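Participant: Structure incoming, see below.
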Amino acid sequence: MYQQAFSTNVKPHFENQKNVELCCHPLRDYIGNLQVFVARNVGQTYKIHYRSFSSAAKLIQRNPSFSTLNADDVKHFKEILGEKNVIEDEDTLSTANVDWMRKYKGSSKLLLQPRSTEEVSQILKYCNSRRLAVVPQGGNTGLVGGSVPVFDEVIVNLGSMNSIISFDEVSGILVCEAGCILENLDSFLANKGFIMPLDLGAKGSCQIGGNVSTNAGGLRFVRYGSLHGNILGLEAVLANGTVLDMLGTLRKDNTGYDLKQLFIGSEGSLGIVTKVSILTPPKLSSINLAFLACKDYFSCQKLLLEAKRKLGEVLSAFEFLDNQSMDMVLTHLEGVRNPLPPSMYNFYVLIETTGSDESYDKEKLEAFLLRSMEGGLISDGVVAQDINQASSFWRIREGITEALMKAGAVYKYDLSLPVEKMYKLVEEMRLRLGPSAKVMGYGHLGDANLHLNISTSQYDDTVLAQIEPFVYEWTSGHRGSISAEHGLGLMKANEIHYSKSSETVQLMASIKKLFDSNGILNPYKSAEFIIFPEISHFLFNYIECEGNQDSIAELGQTNNGKYAEEVIWMENFYLSYQLRSWVLIVITSHSCKEVSGIVS
Amino acid sequence: MKIMVAVKRVIDYAVKIRVKPDKTGVETSNVKMSMNPFCEIALEEALRIKEAGLASEVIAVSMGPTQCVDTLRTGLAMGADRAIHVDAPATLYPLSVAKILKALVDIEKPGLLILGKQAIDDDCNQTGQMVAGLLKWPQGTFASKVVLDKEKQVATVDREVDGGLETLCLDLPAVITTDLRLNQPRYATLPNIMKAKSKVIKKVTPDELNVEIKSDLELVQVTEPPKRKAGVIVSSVDELIDKLKNDAHVF
Ligand SMILES: Cc1cc2nc3c(=O)[nH]c(=O)nc-3n(C[C@H](O)[C@H](O)[C@H](O)COP(=O)(O)OP(=O)(O)OC[C@H]3O[C@@H](n4cnc5c(N)ncnc54)[C@H](O)[C@@H]3O)c2cc1C
């Protein structure tokens, strides 16, 4: 499917040996490191190895066009923010440098805590003029390595911008600063009789700005929909310090392009979100929750269909987990008990209803459940009788992430797939990995969103090689998305092409360049890498399809007239967004060479 | 032997209580109501005794407005065999409740009356003691363990007291009130919810039981406890000592 992946505009440069040689290569050491990989990849002729998360930090090189922080910079930031909000303290930095999963670790020397939009603007303006790379950070609960620096990027944490600006009790429109913690907003609203339209396991730490920047989905999605609909306005600061005031509070506004949408889900790559205006639904008093067991995945699927039909107007969550996920939670989380002892079932489903009439809703849910049980869709189930019971059922579903962390290493995939195919991937993965790994499937079935998680005692590149790119290819083959709600971050920056066409990706690259011409915002992630896979595909096709032995020679891989057969591995590398240059490393049994070019 | 269990409908344990602006009570409209957690424990204990073959029937009783039926349904879905709803005004004080319970005990003649040690709404912790007094039955309050001897008609109860545990032997019939550690209540399963649909909830009034509801208590005002003042972070031990001495007057 990548046959036409790259248009011809690269080719002339590519064939132009001169151009290739003109390019600078700050990668000499890198080549040395690569030799290690050669041995492992012998035999995989022509195979392009995609950089993958566990080795990402090892393989990415710091972009040399970024400056390094100096004492004057720190002094300048102190002038803007005051001593207290410029943090160089090792302990604080070591927390801010590591992500929630403890998988990605940066080495930033500076954490800034702005208290106003004006301060954010001054920070970015300065960083842009100095070419200091920046990573915007919220609650640092992101799951794809997007919220921590890769190298020495300056961390800008929005935590101190946590004021509620206004709340309209008639329309339910809340305007607040980006650093407000989701749970705090929810409690604030509860007192007013409203709720946030989203809820997720990380609610106690994640910030609304982070939610917006990752376009977080979560548990209420099936009822209240995406942030693309619920966010009515934003204020954001661009890389050059320009403050974009799009902080509308209107539900309808068709005047020109709806630019705020670009910031929703762009993972801090286009600007720093500083204020948010969000539509919140009224809090309905009657919430009911059932925890159910199903004998197979087909029953879960049918149950979803039935629930949508029969509980449509009150359905507020439909989540599922498999036996392995349940086992994980029961083994690793304290105080969690199996609601349906003593047996273990193959699948568990949580159905939540939210409505305005307690006895009507409960009766409706119970009638539905009893019918489904008689029909064989449900094997057994319990209905929460109070909030405490409901919380303990939710704890099982929401605790899976935490339990996995305790169990050892975890490879997490967050995929959108057609509901009927979704679990097949889990089964195939289980067969593929055998007993060495625990493969779990759970997620937001109501939104056709699978969380595929693979747990092993420790990180292991051979396991990873079994998983990726298989999981991405499979998803792409079924026209799914390789990131349903967690975003691309560092983990999946390279993999965007599995879900987006090359034309789309190119346009994204142009937008990124327009918003952030120096590429200082959250580099090496999401939009940063987007040119890179295309080059590799182009080269791949070039060699496989069009490339004869002579053209291989043009790649710079000459070895006494022996060509194609000896290319045993290629590693590609995207050097600099701004320079739009690329480097390809071709490894043969005798040599290791780099080729590079400039994308016009 | 029958076991009678009192279950109270209260504001859900997890709901943040808000005082009504006119200070006449706490806000209950649009607020989630559930079974008092101690009553859940009482019911669970009764069910376990029945499942162990030491009792023949578990009867759940609740007093208050019509919505108490929902709480009784929960009790039936947990496994109670039948239920009695005493239709009474929303506010009942412990003595009235104890009198109603006594009247019901006189009719049903259970061998054991189990209650929660207190209800989490008013935290009175009086009803069990009062009804034992009215019935002239022995009482084992704050039970964390209950063992029944069917032959000797004796209940051995471990009580949680200030100094630790106290073990009492009660001749049946007796009153037991439950503490938190007695057991972990079961969930209402779908098959049991289904069975509960055909179970009977009998409705009676205090009049029919010859109990006069009156109270010598007058509610003057309900207010929130004073808000805790925010703490301060001190920068040194010296400052801490200074604050303890001069602000807190600890020494
Ligand atoms: C236990 C757990 C459960 C989760 N459940 C879900 C779930 O159900 N659904 C779901 O969608 N996600 C889920 N997540 C992941 C989710 O993406 C994050 O929890 C949350 O949305 C990120 O918010 P944050 O404030 O922690 O952002 P961070 O992790 O700090 O940042 C995330 C990304 O946004 C950028 N960013 C943060 N703040 C700003 C800002 N103000 N301006 C610009 N960019 C910014 C960062 O640079 C980074 O790229 C879960 C995470 C955990 C740990």
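The values are calculated or read from the model by the stated rules, or taken from the named source; none is laboratory data. Remember, predicted model here, so these are calculated numbers, not experimental data. Ideal geometry is used to build each Cβ from the backbone, glycine not excepted, and the neighbour counts take in all protein chains shown. Note: areas computed on protein heavy atoms with side chains; ligands, DNA, RNA excluded. Shrake-Rupley method; radii C 1.70, N 1.55, O 1.52, S 1.80 Å.
Participant: Peptide A:330-341: average number of partner chain Cβ atoms within 10 Å per residue?
Facilitator: Per-residue shielding by partner chains comes out at 1.
Participant: Further, regarding this structure: Given 0.36 nm per residue, what is the gain on full extension from A:K406 to A:Y360 after removing their alpha carbon distance, in nm?
Facilitator: 12.4 nm
Participant: Per DSSP helix of 4 or more residues, -39500 (n - 2.57); summed, then divided by the residues of chain B. What does that give at 222 nm, rounded to the nearest 500?
Facilitator: The helix contribution divided over chain B gives -8000 deg cm²/dmol.
Participant: Between B:T91 and B:Q67, what is the label-point separation in nm under the 7 Å Cα-to-beta-carbon projection?
Facilitator: Taking the two extended label points, one gets 1.7 nm.
Participant: Order B:230-237, A:441-448 from most to least packed using the mean count of other Cβ atoms within 10 Å.
Facilitator: A:441-448, B:230-237
Participant: Could you tell me which of rounded, prolate or oblate describes chain B, using a ≥ b ≥ c as the square roots of the eigenvalues of the alpha-carbon gyration tensor, with rounded for a/c under 1.5 and, failing that, prolate when a/b is larger than b/c and oblate otherwise?
Facilitator: Verdict is prolate for chain B.
Participant: Okay, moving on. Would you please state which residues of the stretch B:169-207 a label at B:R82 would reach in this model, taking the label point 7 Å out along Cα→Cβ and a backbone N cut-off of under 11 Å?
Facilitator: Answer for this model: B:199-203.
Participant: Next question. Just going by the charge dipole of the stretch A:437-523, with Lys and Arg at +1 and Asp and Glu at -1 on Cβ, which of A:G519, A:W474, A:Q458 is farthest out on the positive end?
Facilitator: Among A:G519, A:W474, A:Q458, the one farthest towards the positive end of the dipole of the stretch A:437-523 is A:G519.
Participant: Another one. Only bridges whose two residues both fall in chain B count here: according to DSSP, what percent of them are antiparallel, nearest 5?
Facilitator: Roughly 40 percent of the beta bridges in chain B run antiparallel, per DSSP.
Participant: Under the definition of Cα pairs under 8 Å and six or more residues apart, what whole-number percent is the relative contact order of chain B?
Facilitator: 23 percent.
Participant: Another question about this same structure. Mind checking which of B:L182, B:N246, B:V200 is farthest towards the positive end of the stretch B:158-251's charge dipole, using Cβ charges of +1 (Lys, Arg) and -1 (Asp, Glu) about the Cα centre?
Facilitator: Farthest towards the positive end: B:V200.
Participant: So what's the net charge close to B:R181: Lys and Arg +1, Asp and Glu -1, counting the other residues with Cβ under 13 Å from its Cβ?
Facilitator: The answer is -2.
Participant: Would you mind pulling out the separation of the Cα centroids of the stretch B:186-231 and the stretch A:283-322, in Å?
Facilitator: One Cα centre to the other: 31 Å.
Participant: Net charge near A:F393, counting Lys/Arg +1 and Asp/Glu -1 over other residues with Cβ under 12 Å of its Cβ?
Facilitator: Surrounding charge for A:F393 is -1.
Participant: When Cβ neighbours within 10 Å are restricted to other protein chains, what is their mean count per residue of peptide A:385-396?
Facilitator: Averaged over the peptide's residues, the number is 5.
Participant: What average number of partner chain Cβ atoms lie no more than 10 Å from the Cβ of the residues making up A:353-363?
Facilitator: 1
Participant: Summed for both chains, how many Å² of accessible area, to the nearest 100, are buried between B and A with a 1.4 Å probe?
Facilitator: 2200
Participant: Does the stretch A:71-157 come out rounded, prolate or oblate, given a ≥ b ≥ c as the square roots of the eigenvalues of its C-alpha gyration tensor, rounded meaning a/c under 1.5 and, failing that, prolate meaning a/b above b/c?
Facilitator: Cα axes put the stretch A:71-157 in the prolate bin.
Participant: Past the 20 Å Cα-Cα mark, which pairs from A:K203/B:K16; A:K260/A:K512; B:K117/B:K195; A:K412/A:K525; A:K203/A:K492; A:K500/A:K525?
Facilitator: Going by Cα-Cα distance, B:K117/B:K195; A:K203/A:K492 fall outside the 20 Å limit.
Participant: Ordered by packing density, taken as the mean number of other Cβ atoms within 10 Å over each peptide's residues, highest first, how do A:286-296, A:166-176, B:182-192 rank?
Facilitator: Most protected by this proxy first, the peptides run A:286-296, B:182-192, A:166-176.
Participant: With every protein chain kept in the model, how would you rank A:L111, B:L172 by accessible area, 1.4 Å probe, largest at the top?
Facilitator: The ranking, largest first, comes out as B:L172, A:L111.
Participant: Take peptides B:48-59, B:113-124, A:204-215 and line them up by average Cβ neighbours within 10 Å, highest first, as a rough protection proxy.
Facilitator: Taking the mean over residues of other Cβ atoms within 10 Å, the ranking is A:204-215, B:113-124, B:48-59.
Participant: For A:S510 and A:T249, what is the calculated FRET efficiency with R₀ set at 25 Å and r taken between the beta-carbons, to the nearest 0.05?
Facilitator: Step by step, r from the Cβ atoms, then E = 0.20.
Participant: Quick one: dipole size for the stretch A:389-463, taken about the Cα centre, charges +1 on Lys/Arg Cβ and -1 on Asp/Glu Cβ, in debye to the nearest 20.
Facilitator: Its charge dipole is roughly 180 debye.
Participant: Using a Förster distance of 45 Å, how high is the FRET efficiency between A:R62 and B:D22, based on the Cβ-Cβ distance and rounded to 0.05?
Facilitator: 0.10
Participant: Shape verdict for the stretch A:174-245, please, from the Cα gyration tensor: rounded (a/c under 1.5), prolate (a/b greater than b/c) or oblate.
Facilitator: prolate
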